[in-house]
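The values are calculated or read from the model by the stated rules, or taken from the named source; none is laboratory data. Note that the structure is a prediction, hence the values are computed from the model and not measured. Because the Cβ atoms are built from the backbone with ideal geometry, glycine has one as well, and the counts that use them run over all protein chains shown. The area values use the complete protein model at the heavy-atom level, side chains included, leaving out ligands, DNA and RNA. Shrake-Rupley method; radii C 1.70, N 1.55, O 1.52, S 1.80 Å.
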Amino acid sequence: MATIQEVAKYAGVSVGSVSRYLNGHKLRPDNTKKIEEAIHALDYKENFFAKGLKSNETHSIGLLMNNMQSNFSASLVGRIDDVLEKEGYTILLSNYRDDPNRIEQKIAFFKSRAVDGLIIVGAEQSWPQLECLKNCDIPVISIITPLDYSQTDSIIVDNRASTEKVISRMLSLSHERIGVIVAPQTDYVARERFLGILDAFETQNKLLSESNIYYGDYSKDSGKRGMAYLLSQEVSAVFVCNYNMSLGALQTIHEKQLVIGKDISFASYDYFDASDIFYPKLTVIKQPIKEIGTLAVERLLEKIRNKNQLQGQIFTLKNDVLWRDSIIKNPTKSE
């Protein structure tokens, strides 16, 4: 790989002239032409990492995911990468695979690569491993979960309110035996979605029976088991709090040869393309992934420009409930 010194020698100019050219300064036309010809002839590639160490900017962002295999995560990474690329930034991507003990190691890795900022997805405030973010010297954005650190921004969605809307609709359509498949109540998102379910029952002065709650583990298999269990409880409507578990629940419904929107009402959290090709189409809660990714990048770049001096804020975005015919009036209730 050619060096800046070799470019200067080939062009017959000083190293300082080449450096000024690379940094956008206007030179005499003849020197500009010589340098451009030398860069082309030597196939010179600027060392942005070394340049970044001098300027304290590498135009790279660390993106730390919990799970990169989910539909939400894949879509979010794609959106963040698209927006950052337009701004001249690149992503360093890593994940901690549901293991908070890997958090510190991953953050140390990003810092060793001199990233200008960090986006972290799905981290829990209660994890002691996140203490290193309290006095972090680079801007940090948390997505999905709020982190209560003075200079950390958090971007969350209205899990509780949107879930409450769906359950309220089921209750208004005379479904008294509503079954729910919820995730383990060990993380912020799972608790918020479950609280939305309870809010709906409380608002309508009704009680959610403990026997109509199935605690899954985010997996498709737990969704299958949960749906089979709830059908044994003779529920007339089901709400599933997670994409993978909803796939398992739908498989059980198919295997039992039940018709959604006729034999049972069904809705779930997280939009997936296949929900549009079911008949009837499925009622789902759709997270604003594009808006989340765009806001995360815009806010992070703003914090970078302000040398990480901006006070941390919490931004709450609204989910979109896609109402379809998979929820109907309870057919066992007379008019």
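Does Ser211 qualify as being open to solvent by less than 70 Å² (accessible area, probe 1.4 Å) and part of a loop (DSSP other than H, G, I, E, B)? Taking the combined requirement at face value, the residue does not satisfy it.
Cβ-Cβ contacts under 6 Å between residues 6 or more apart (or on different chains), taken from a first residue in region 229-243 that is under 13 Å from Arg193 (Cα atoms) to a second residue that is open to solvent by 50 Å² or more (accessible area, probe 1.4 Å) and modelled with pLDDT of 95 or more, are absent.
Just one of the listed residues (Lys256, Lys286, Lys262) is charged (D, E, K, R), touching a helix residue (DSSP H, G or I) at 6+ places or on another chain (Cβ under 8 Å) and either open to solvent by 20 Å² or more (accessible area, probe 1.4 Å) or under 23 Å from Ile91 (Cα atoms) (or both), and it is Lys256. Residues that are at pLDDT below 95, touching a Gly at 6+ places or on another chain (Cβ under 6 Å) and closer than 16 Å to Ala237 by Cβ number at least 1 in none of the strands (runs of 3 or more DSSP E) confined to region 281-335. Taking the criterion of being open to solvent by 20 Å² or more (accessible area, probe 1.4 Å) and in a helix (DSSP H, G or I), the residues of region 157-167 that qualify are Arg160, Ala161, Glu164, Lys165. The residue that is surrounded by the most Cβ atoms within 10 Å (Cβ to Cβ), among those in region 25-49 that are in a helix (DSSP H, G or I) and at pLDDT below 85, is Phe48. In region 302-320, is there at least one residue being of a type in the set (S, T, N, Q) and closer than 23 Å to Ser75 by Cα? There is at least one residue in region 302-320 that is of a type in the set (S, T, N, Q) and closer than 23 Å to Ser75 by Cα.
Out of Ser112, Ser150, Ser142, one residue alone is at pLDDT 90 or above and hydroxyl-bearing (Ser, Thr, Tyr). It is Ser142.
Being out of contact with any helix residue (DSSP H, G or I) (no Cβ under 6 Å at 6 or more places or on another chain), open to solvent by 10 Å² or more (accessible area, probe 1.4 Å), of a type in the set (D, E, K, R) and free of Cβ contacts under 8 Å to residues at least 24 places away in the same chain is not true of Glu176.
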